[in-house]
Amino acid sequence: MADIKISDLKALVVDDHIIIRRDLEQFLKNMGCKHIDQAGNVNDAQGKMSKEHYNIIFLDWNMPGKSGFNLLQQCRANKTYDDVAFVIVSAESDDRYIIEALKAGATSYIVKPVAESTLQEHLQKVLAWIGKRAGATRQTA
Amino acid sequence: MDSIVSVKTDVSDVVERSVTNAFDVMFRRGVAKEAAGDGFAEGAGQEISSCVSLWQEDRLNMDFSFSFDRDLLSAIVKEAYPQENHDRTLLCEDIACAVANIVVSNVKTYLNGRGFEMKMNIPEKGAAAANGGQMAYLCFRCDPRAQGGRILVNMQMQDRRGPKAG
Amino acid sequence: MTTAAQLKLALRNLDISSQEAIEANQQMEQLNASLAAVLDSLGQAILFFDKSFICSNIFSKACATLLECSPGGRHIADVLRLDKEERDQLVSLLDIVFLGSSTIFSFEDLMKHAPRRFQHSKELSIALDYRPMHSHSGKLSGILVIAQDVTRDEQSREEIRQKEARIIRMLRIAKDKMAFTQYLRRMESELLSPAGDRTADDIARKIHTLKGLSKFFHMEVVANILHEMESVLQGQQGVSPEEVLSTCRETLAELMEEAKGYGREIWGANFEIQEEVLTVPVSYATEFGKDLRAQGAQGIAYRYFQQIVAQPVRDLLIPFETQLSYFAEMADKEVQIIPPENGNVRVFAVVYKELLESLVHIARNIVDHAAQPREVREEAGKSPALNVRIDVAYENEFKHKLLITIMDDGAGVDIGKLREKVEAAGGPKDLDNDALLQKIFEPRISTRDVVTATSGRGIGLDAVKAAAERLGGTIRVDSEFGQGTIFTICLPVIWEPA
């Protein structure tokens, strides 16, 4: 159950706001992440996901076209993504939505606006989660 | 369930807290509330706007318009996103929409906690059209001590329910 | 072994194991009873449920009062009185919590989204808290729910918040009496009077200024009402200003009365908003009068000092009343003060300063000696609180002397003890009662056995006598043991400086 290193992480940031994508990208870079891709909507995201296996995907909920929630549900129904951490990043702070997201399989949930320190805390825990999951899926493989 | 007008002051409080928090966390700038004047006296072209709506069952309506001093957003873009190769104006509009999204989401959560069932749409650039409802203005100034740019929030509230029966 | 023997052995083993089972069961019941007893003793409503979301039969007694039910065997969503939507939400959340590994969130993080408040049928505020229960293997096996009555806490917090707001308001008001009285007067003249021919715009502008002033004085409720009025006057066309004013007049009048209350509390009952008051330093006013005299305007100077510079003695006695109330409160004694009614006797206050300040000793004396326990007073047919009556009057129609009398219906002076003390201190042995009584104005005479922090050293009353005599006056005391005491201070009326 080796912890995965940040420098080995492949991250995808999906949000229709440029500045949110840029902020998350910058925070991840500051933490040592080397591979960060961006997508402005779910279609773009799916395109990128078909070419690359990301370890962590940041998803906004409300976007024009398909919602991030939709994408999350789809992915969780697919075993290929069992070891991928999905982090919902949304302005929605209602309990109802947070619980729904977690129920649909979100690994974590961060409410906008995102402070760098908040992301750092979440990322540490997500890395541990990914490590455990990677170990578990290796065993069942 | 309260009438939408009765929660006007509380909604203003939520907006104030949310705008302050957003500018603090995202752009590390202080924001202070000011007395609402007459909007931007300089006229069109000096501000960047976004709008977003909350509604319930086609009967209750709240349209929010956010107007930001163009110079304020330009300065933020230059400082925070220097290497971004998108059009500067596009980025400013993006900021306007992102802030509107965050602030009005908070208002939605607050109102739904008070017994409403509001839904929110996706923020768009430009100001909202007048809907004939009750208006309320909130005015904020960024970096108050440095006389920074202004942020205007306009709320239009309409309660189209008829007088309570019985 | 034979089959019969085997059977016998088997039966005996069965007996033993069933006996063990019975014992184990009894132990379990005892444990449950102890557990229930422990839960009950904690005073909070405590219950727990497992993965099935059904509450256990072990729960504390307080559930009956705080959660108004008996949770044993019931679904947690029913116990917490959740509607369908809330129930579905809680079940979804608990599924995630019991699953344990699908998110990075800890038990505490996740339970933040669970109901934190219980809807009690009476007006109680019940807070809900959750704790994890783990099995031997470390997995989550159940959740402990703790319900606490936080009504008192919230009320106290609210009370404290209001008290703080009040203090802040009073401090702001107290800083500038003139501004505050002006504000009150403007509110009255602009809003509490009829609109007249003022236009909506005129009034709206005045309201805008008054709104700012209201906020300045932390009169938030008033500011909000004014804000609404302003919006209506500016927003709606053709609205009659009188209509707007009349809807709010009653509420505003009440709020202004409340505001005046603050003024009265700070500056006294004479806080009037009828006319502006000039504040002039005493030295300046005195010098001006002396100037008049020096220039030969004796008559005018005389009237000037008598009518303008001299102050009513009644007002000058207010510090004494305040001190009396304060000492009484500190000593936890009930005192009812009856202030002087009339007595427009006016004096040149500066001259009487020393005497007035020395009255604090009489105040202490009254609280320490005259105040009696309730039962003693009631037995003597007196009212429960000590009555202290202050009077000011001219001695006679010549108005050369004034009398300040401070009368209480308290314990009175124990003349016997006083005589003992005086004789023990080496004083004359054959004094009559009256002369003996006047001895209390001498230093070191006290009928108090224990020296308290405020009184008893025998110092104090002599200071009053000294001050009175320096003014050319006298002081005497009359007392009847068990009935009460009267201090009479006779002073010349002086209303101009030397």
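The values are calculated or read from the model by the stated rules, or taken from the named source; none is laboratory data. Treat the numbers as computed from the prediction; the structure is a model and nothing was measured. For neighbour counting, all protein chains shown are included, and Cβ atoms are generated from backbone atoms with ideal geometry for every residue, glycine included.
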For this session: Kindly indicate which of A:Phe69, A:Phe58 is among the aromatic types (Phe, Trp, Tyr), more than 10 Å from every other protein chain (Cβ to nearest Cβ) and either over 23 Å from C:Ser101 (Cβ atoms) or not in a helix (DSSP H, G or I) (or both).
Result: A:Phe58
Exercise. Has region C:143-165 got any residue that is under 30 Å from C:Leu213 (Cβ atoms), more than 14 Å from chain A (Cβ to nearest Cβ), among the polar types (S, T, N, Q) and not in a strand (DSSP E or B)?
Worked result: yes
Exercise. So which residues in region C:325-345 are out of contact with any Leu (no Cβ under 9 Å at 6 or more places or on another chain) and among the aliphatic types (A, V, I, L, M)?
Worked result: C:Met330, C:Ala331, C:Ile338
Exercise. In region B:97-120, which residue that is assigned to a helix (DSSP H, G or I) and more than 10 Å from chain A (Cβ to nearest Cβ) is modelled with the lowest pLDDT?
Worked result: B:Leu111
Seminar exercise, completed: For C:Asn387, the lone unmet condition from (1) of a type outside the set (Val, Ile, Thr); (2) at pLDDT 90 or above; (3) in a loop (DSSP other than H, G, I, E, B) is (3)
Exercise. Pairs under 6 Å by beta carbon, first residue assigned by TED's automatic domain parsing to the domain that holds C:Glu190 and surrounded by 14 or more Cβ atoms within 10 Å (Cβ to Cβ) in region C:256-274, partner of a type outside the set (Val, Ile, Thr) and modelled with pLDDT under 70, six or more apart or different chains?
Worked result: none
Problem set entry | Selection count where residues are within 7 Å of another protein chain (Cβ to nearest Cβ) and farther than 28 Å from B:Val104 by Cβ, scope region A:85-131 | 3
For this session: Go through the residues of region C:50-64 one by one and say whether even a single one is farther than 19 Å from C:Gln119 by Cβ, touching a strand residue (DSSP E or B) at 6+ places or on another chain (Cβ under 7 Å) and part of a strand (DSSP E or B).
Result: yes
Exercise. Across region C:168-215, what is the number of residues that are under 20 Å from C:Cys248 (Cβ atoms) and assigned to a helix (DSSP H, G or I)?
Worked result: 25
Seminar exercise, completed: Within region C:65-80, the residues that are outside any loop (DSSP other than H, G, I, E, B), under 19 Å from C:Asp95 (Cβ atoms) and either at pLDDT below 90 or touching a strand residue (DSSP E or B) at 6+ places or on another chain (Cβ under 7 Å) (or both) are C:His75, C:Ile76, C:Val79
Problem set entry | Those residues of region B:69-89 which are under 18 Å from the mean Cα position of the chain (by Cα) and either within 13 Å of chain A (Cβ to nearest Cβ) or closer than 20 Å to A:Ile98 by Cα (or both), in sequence order | B:Leu73, B:Ile76
Problem set entry | Tally, over region C:466-485, of residues that are part of a helix (DSSP H, G or I) and either under 37 Å from the mean Cα position of the chain (by Cα) or under 21 Å from C:Val335 (Cβ atoms) (or both) | 1
Exercise. If C:Ala36 passes every condition in (1) in contact (Cβ under 8 Å) with a residue 40 or more places away in the chain; (2) more than 22 Å from C:His120 (Cβ to Cβ); (3) under 45 Å from the mean Cα position of the chain (by Cα) but one, which one does it miss?
Worked result: (1)
